[in-house]
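J.: Attaching a single structure in C-alpha cells format; questions to follow.
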Amino acid sequence: MGLFDLTGKVAVVTGGGSGLGQGIAIGLAEAGADIVSISYSSSDETIQAVESLGRKASAIKADLSDETVLESVFNEALGFFGKVDILVNNAGIIRRVAAADHPAQDWHDVISLNLNSVFFLCQLAGRHMIERGSGKIINIASMLTYQGGINVPGYTASKHAVAGITKALANEWASKGIQINAIAPGYMATDNTSAIRADENRSRDILARIPASRWGTPADLKGPAVFLASDASDYMNGHVVCVDGGWMAR
C-alpha cells in the first residue's frame, strides 16, 4: 500500500471549496497529502475536513478565469509549504444555452476558466516540477470530452481541449519525471448538474443509461485521484480515465 501513500506531499486543488474538488482534496488528504484549496468561494469546509484528518491545509480565494492573477496565485500556493507535488485542475463552470443563441460572453467565460486557466496553471506547475524532477498533474475532463452534449458548446469545447492539453504536455514532460493525466467524471450529483437532475425526463434518461444506476458523488473520485497522484501511476502519462458508472461502456 506504500505505492499509494502521499505522506509528505503537497497537493494544490482548484475548485477545492465544494463538489468534486472538495471530494478530491479530502481523498488526497486521507492518503497523507497536505492541501492548498483554491476556490472562487469559501474553502472553510474543505480546510476543516482536511485538518480533522491531521493534515495541514491552506486556502486561497481567487477568480481563476482572470489570467492576470494566475502566476501570483500559484506563487502564493507554492509559498504555503515550499513546494507543489500535485496539481489538480478541477475548477470549472458550465453555461447552458442553445448553440444558435449562445452568448459570446458565456463562451468566453467558460473557455477562460475551463481551458485557459488549466493550461497556464499546468505551465506554472510544470516549470516548478521540471526543476524538481518530479510531479503529478491531474486535469478534470468530462463525459463531454467524448460527446457533444446539448446546449453546452463552450463546455464541450473546453473539455475536449483539456484532453488534448493533457496529451500534449505528457509528450513533453514524461521524460522529465512528470506524470500528467486526466479524470473524466460521469454524471455527478454536483451544482453543475442541478438543472438536469431537476428535469425529471432528462434525469430519468441519464440514469437509464448508467449501468451503475445512480449518479456519481465527489467521493467516487477519491480513489482515482489518489492513484494518479501517487507512485502507483508512475508509468501512466496522457490518459483520460473515465469514472462514470459504466456510461462509456453502454
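The values are calculated or read from the model by the stated rules, or taken from the named source; none is laboratory data. All figures in this text were calculated on a predicted structure; none of them were measured in a lab. FYI the Cβ positions are ideal-geometry reconstructions off the backbone, even for glycines, and counts take in every protein chain you see. Surface accessibility is based on the protein's heavy atoms, side chains included, excluding ligands, DNA and RNA. Shrake-Rupley method; radii C 1.70, N 1.55, O 1.52, S 1.80 Å.
J.: Residues that are open to solvent by 30 Å² or more (accessible area, probe 1.4 Å) and farther than 30 Å from S41 by Cα: find the helices (runs of 4 or more DSSP H) completely inside segment 176-250 holding 1 or more of those.
T.: The qualifying helices (runs of 4 or more DSSP H) are 200-209.
J.: To continue, here is another question. Would you check which residues across segment 94-103 are under 15 Å from S65 (Cα atoms) and open to solvent by 70 Å² or more (accessible area, probe 1.4 Å) and list them?
T.: R95
J.: Let me ask something else about it. Output the residues belonging to segment 76-92 that are in a helix (DSSP H, G or I) and either touching a residue at least 40 places away in the same chain (Cβ under 8 Å) or among the aliphatic types (A, V, I, L, M) (or both).
T.: A77, L78, F80, F81
J.: Still on this structure: Does I150 meet the test of being more than 20 Å from the chain's Cα centre (by Cα), β-branched (V, I, T), over 20 Å from V12 (Cβ atoms) and open to solvent by less than 70 Å² (accessible area, probe 1.4 Å)?
T.: Considered against the rule, which asks whether it is more than 20 Å from the chain's Cα centre (by Cα), β-branched (V, I, T), over 20 Å from V12 (Cβ atoms) and open to solvent by less than 70 Å² (accessible area, probe 1.4 Å), I150 comes out as no.
J.: Let me ask something else about it. Does I47 satisfy being under 17 Å from the mean Cα position of the chain (by Cα) and not hydroxyl-bearing (S, T, Y)?
T.: Against the criterion (under 17 Å from the mean Cα position of the chain (by Cα) and not hydroxyl-bearing (S, T, Y)), I47 does not qualify.
J.: Continuing with this model, one more query. For segment 58-87, give me the residue count where each residue is touching a Ser or Thr at 6+ places or on another chain (Cβ under 7 Å) and open to solvent by less than 60 Å² (accessible area, probe 1.4 Å).
T.: Result for segment 58-87: 4.
J.: Residue pairs, Cβ under 6 Å, 6 or more apart or interchain, first in segment 125-139 and crowded, with 24+ Cβ neighbours inside 10 Å, second assigned to a helix (DSSP H, G or I) and polar (S, T, N, Q). List them.
T.: Going by the 6 Å Cβ cut-off, the qualifying pairs are N139/T166.
J.: To continue, here is another question. Between a residue in segment 178-201 that is touching a residue at least 60 places away in the same chain (Cβ under 8 Å) and more than 27 Å from R127 (Cα to Cα) and any residue that is open to solvent by less than 60 Å² (accessible area, probe 1.4 Å) and of a type in the set (D, E), which pairs come within a Cβ distance under 6 Å, given they are 6 or more apart or on different chains?
T.: These pairs meet every condition: G186/D244.
J.: Filter segment 1-30 for residues that are more than 23 Å from A189 (Cβ to Cβ), open to solvent by 10 Å² or more (accessible area, probe 1.4 Å) and of a type in the set (A, V, I, L, M) and give the result.
T.: M1, L3 - these are the residues of segment 1-30 that are more than 23 Å from A189 (Cβ to Cβ), open to solvent by 10 Å² or more (accessible area, probe 1.4 Å) and of a type in the set (A, V, I, L, M).
J.: While we're on this one: Starting from residues that are among the acidic types (D, E) and at pLDDT 95 or above, keep the ones in segment 186-234 and report whichever is nearest to T14 (Cα to Cα).
T.: D220
J.: Select from segment 96-111 the residues that are at pLDDT 95 or above and either in contact with a helix residue (DSSP H, G or I) (Cβ under 7 Å, 6 or more places away or on another chain) or assigned to a loop (DSSP other than H, G, I, E, B) (or both) and list them in ascending order.
T.: Across segment 96-111, the qualifying residues are V97, A98, A99, H102, P103, D106, W107, V110, I111.
J.: Is it the case that some residue within segment 153-171 is hydroxyl-bearing (S, T, Y), in a loop (DSSP other than H, G, I, E, B) and open to solvent by less than 60 Å² (accessible area, probe 1.4 Å)?
T.: Taking every residue of segment 153-171 in turn, none turns out to be hydroxyl-bearing (S, T, Y), in a loop (DSSP other than H, G, I, E, B) and open to solvent by less than 60 Å² (accessible area, probe 1.4 Å).
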